[in-house]
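In what follows, a structure is listed as structure tokens, so that the remarks can point back to it.
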Amino acid sequence: MLLLFQSTHDVILAEKAIRQQGILRRVIPVPRSVSSQCGMALEIDPADREKVVELLESSVFPSGSVNGNVLNKRYQIYTLMDEE
Amino acid sequence: MGPDFSKEGRNGYFDCGATSFPKPPEVAREMARYLNEVGGPYGRSFYQRALEVSGVVEETRSLLADLLGAKSPERVVFTHNATHAVNIVLKGLSLQGKEVWISPLEHNAVARPLRRLKQDGQIKVRFLPAAADGRVEPERLVFSQHTGLIVVNHQSNVNGVIQPIREIKERAGRIPVLVDAAQSLGHQPIDAGAWGIDFVAFTGHKGLLGPTGTGGLYLGGRHLQPLIEGGTGSRSESSAMPGFLPDKFEAGTPNITGIFGLKAALMHRPVPVHTREDFLHIIQAVRQLPGLNVQAADREDHQGELFSITSGTMDCSTLGMRLYDEYGIETRLGLHCAPLAHHHLGTFPTGTVRISPSVYHCPEDFALLLAALTAISGKG
């Protein structure tokens, strides 16, 4: 499962928190099939989805997971083909 | 001939209002480590090197956010310096037809962009009511419905007056307040989030003891257009700038080398080797010298850690040159890029000699400075 973030700021915050919990598989480039943006994506085990969402919402983005003037979600979750 | 700083082995650099020196040794070490060992970009890639660099940038942002009392770290965006940050606000706010109220002690970083906006017919500039030393008097503040922005230099770079920014914001209510903290951050406390301050412009190379080319802007939440647009490593498919923080105001690769140094400065802040009483004693002692006039705050509790001197018998260039030639003391002479302040203080256009020490100055350094000024004032 992949986590994509709006900004470098957000991905670094999330990477640190998820790594500390011992549930980060690895940091990979954003797959072209998912997004045309450059940068980092975080790969995690699908079994850790709930734990990660809880971590992001409560600890990483305590001021809210929306940033900007439109309803921008600060992160997105993608399930990989072979995980479905 | 009085004491010579270079011979005494003392620190004669009293121009930290221009830029701080020395720095904590870790600053140069960390900058060299980035250049020689770490390398790599901020964001934009996935490998470990990019991750490490991006981590340092974000840790620095978080340290600054804590220092400023920011509501969240992404509200602090990196800039080249305080002037850059001030320009983001003055040119990014919608100020058409509005009044901009400023303190009488503003630096040209504020005065010049405002002059441009005024010449373009966008704004009117008005001065906040202030005492003789330039300290704004919040109880006298009355704003009109046309007031679009208030700008206050938190600590004057001419006489060191500290402005009551918290009280000014309380009186301003919903009117946005921009604090120019170029001289104050690292010396004076700022709790921008709790005080409701809308914008804080700051630099990394003065009170924070970091390298030049670093600085930033705290954004309390007002809508601003970015000053420059470009690549951010995010939303790359779009030709529009991202609307989210911090990317909205961080087009282009940041000063990563400088940010490594700034982080080191924030983490290795030295304990001052002189007390506030040592500094205030110098001001009091210089006031007693014949022929010298001190430009400082009217009250000691309004005094930041710098002040200026003028002489009744020689111009500031001669006074500053003699301090340097005869005693090895380095000061800043002239108008300090703040002609408005000198108009208010009555020292325009001749200017002043500014004494701006650092946390590294010990009482013995102050004693030698006083001895030099005593000798010069005695000789006329």
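The values are calculated or read from the model by the stated rules, or taken from the named source; none is laboratory data. Here the structure is a predicted model, which is why all the values come from computation and not from measurement. Here Cβ is always computed from backbone atoms with ideal geometry, including for glycine, and neighbour counts include all displayed protein chains. Areas reflect the complete protein model, heavy atoms only, side chains present, ligands, DNA and RNA absent. Shrake-Rupley method; radii C 1.70, N 1.55, O 1.52, S 1.80 Å.
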Residues from the range B:233-251 losing no less than 10 square angstrom of accessible surface in the full protein assembly compared with the chain alone, 1.4 angstrom probe, ligands and nucleic acids excluded, are B:Gly233, B:Ser234, B:Arg235, B:Ser236, B:Glu237, B:Gly243, B:Phe244, B:Leu245, B:Pro246, B:Asp247
Report the label-to-label distance for B:Gln96 and A:Gln20 in nanometres (one decimal), using points 7 Å from each Cα along the Cα→Cβ vector. 4.7
Accessible surface buried once B binds A (1.4 Å probe; total of both sides; Å²): 2000
Normalised by the number of residues in chain B, what is the relative contact order in percent for Cα pairs under 8 Å and 6+ residues apart? 25
Sequence order, the range B:15-31: Karplus ³J(HN,Hα) from phi using 6.51 cos²θ - 1.76 cosθ + 1.60, θ = phi - 60°, Hz rounded, Gly and Pro as x, gives 10, 6, x, 7, 7, 6, 7, x, 9, x, x, 5, 4, 5, 4, 5, 5
Chain B, accessible surface, carbon-and-sulfur percent (1.4 angstrom probe): 51
Cα gyration tensor category, rounded, prolate or oblate, for the range B:224-380 with a/c compared to 1.5: prolate
Relative contact order (%) - the range B:185-226, alpha-carbon pairs under 8 angstrom, separation at least six: 38
Calculate one ³J(HN,Hα) per residue across the range B:337-353 by plugging θ = phi - 60° into the Karplus curve 6.51 cos²θ - 1.76 cosθ + 1.60, and present them in order as whole Hz with x for glycine and proline. 6, 9, x, 4, 4, 5, 4, 5, 8, x, 10, 9, x, 6, x, 9, 9
MRE, 222 nm, helices only [DSSP H, n ≥ 4, -39500 (n - 2.57), over the protein assembly as shown, to nearest 500]: -9500 deg cm²/dmol
Report D for chain B in µm² per second (integer): Stokes-Einstein, Kirkwood Rh on Cα pairs, 10 °C, 1.306 mPa s. 73
Delta accessible area of at least 50 Å² on complex formation, residues of the range B:35-56, 1.4 Å probe, chain isolated as reference: B:Phe46, B:Leu51
State which entries of A:Lys16/A:Lys51; B:Lys91/B:Lys124; A:Lys16/B:Lys206; B:Lys91/B:Lys169 exceed 25 angstrom in Cα-Cα distance in the structure shown. A:Lys16/B:Lys206
Send over a whole-number figure in Å² for the accessible area per residue of chain B, probe 1.4 Å. 40
Tally Lys/Arg at +1 and Asp/Glu at -1 over every other residue whose Cβ is under 14 Å from the Cβ of B:Val273; what's the total? -2
If we restrict to alpha carbons, what Rg and Dmax does the protein assembly as shown come to, in Å? 24.7, 89
Electrostatic dipole magnitude of the range B:101-166 [Cβ: Lys, Arg +1; Asp, Glu -1; Cα centre; debye, to 20]: 240
Once label points are set 7 Å from the Cα along Cα→Cβ at both B:Glu237 and B:Arg112, what is their separation, rounded to one decimal in nm? 4.2
Rounded, prolate or oblate, given the Cα gyration tensor of the range B:1-106, with a/c below 1.5 counting as rounded? oblate
Counting Lys and Arg as +1 and Asp and Glu as -1 over every other residue whose Cβ sits under 13 Å from the Cβ of B:Leu219, the net charge comes to +1
The simple spin-label model distance between A:Leu80 and B:Met267, using points 7 Å out along Cα→Cβ, in nm, is 3.2
List the chymotrypsin sites (Phe, Trp or Tyr not before Pro) in the range B:33-76 that DSSP assigns to loop (not H, G, I, E or B) and whose Cβ has at most 16 other Cβ atoms within 10 Å. Which are they? B:Tyr47
